[in-house]
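Read through the structure below, which is laid out as structure tokens, and then see the notes.
Since every read-out is calculated from the coordinates, none of them should be taken as a lab result. Here the structure is a predicted model, which is why all the values come from computation and not from measurement. Methodologically, a virtual Cβ is constructed for each residue, glycine included, from the backbone with ideal geometry; neighbour enumeration extends over all protein chains shown.
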Amino acid sequence: MKGAAEVVIGLMSLTQGGQLKRTLAVTRFLRASGPVQARIGWRVEPSMGFIVDITAVS
């Protein structure tokens, strides 16, 4: 299945400092129009749903 898939995403979670950290690991993304971030943080908020954590380093 992974060989035929266009996008392969894994889910990881760990506890750090008493908080649960959730991460999407993008292991394969065919036909991406540009660079793809390999690890993406996310969370679920009440009344909002699925939230992708966007961080920038300057």
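For segment 18-58, a tally of residues being assigned to a strand (DSSP E or B) and not acidic (D, E) returns 21. For first residues located in segment 19-39 and over 19 Å from D53 (Cα atoms), partners that are part of a strand (DSSP E or B) and hydrophobic (A, V, I, L, M, F, W, C) and lie 6+ apart or on another chain with Cβ distances below 6 Å form the pairs R28/V8; F29/V7.
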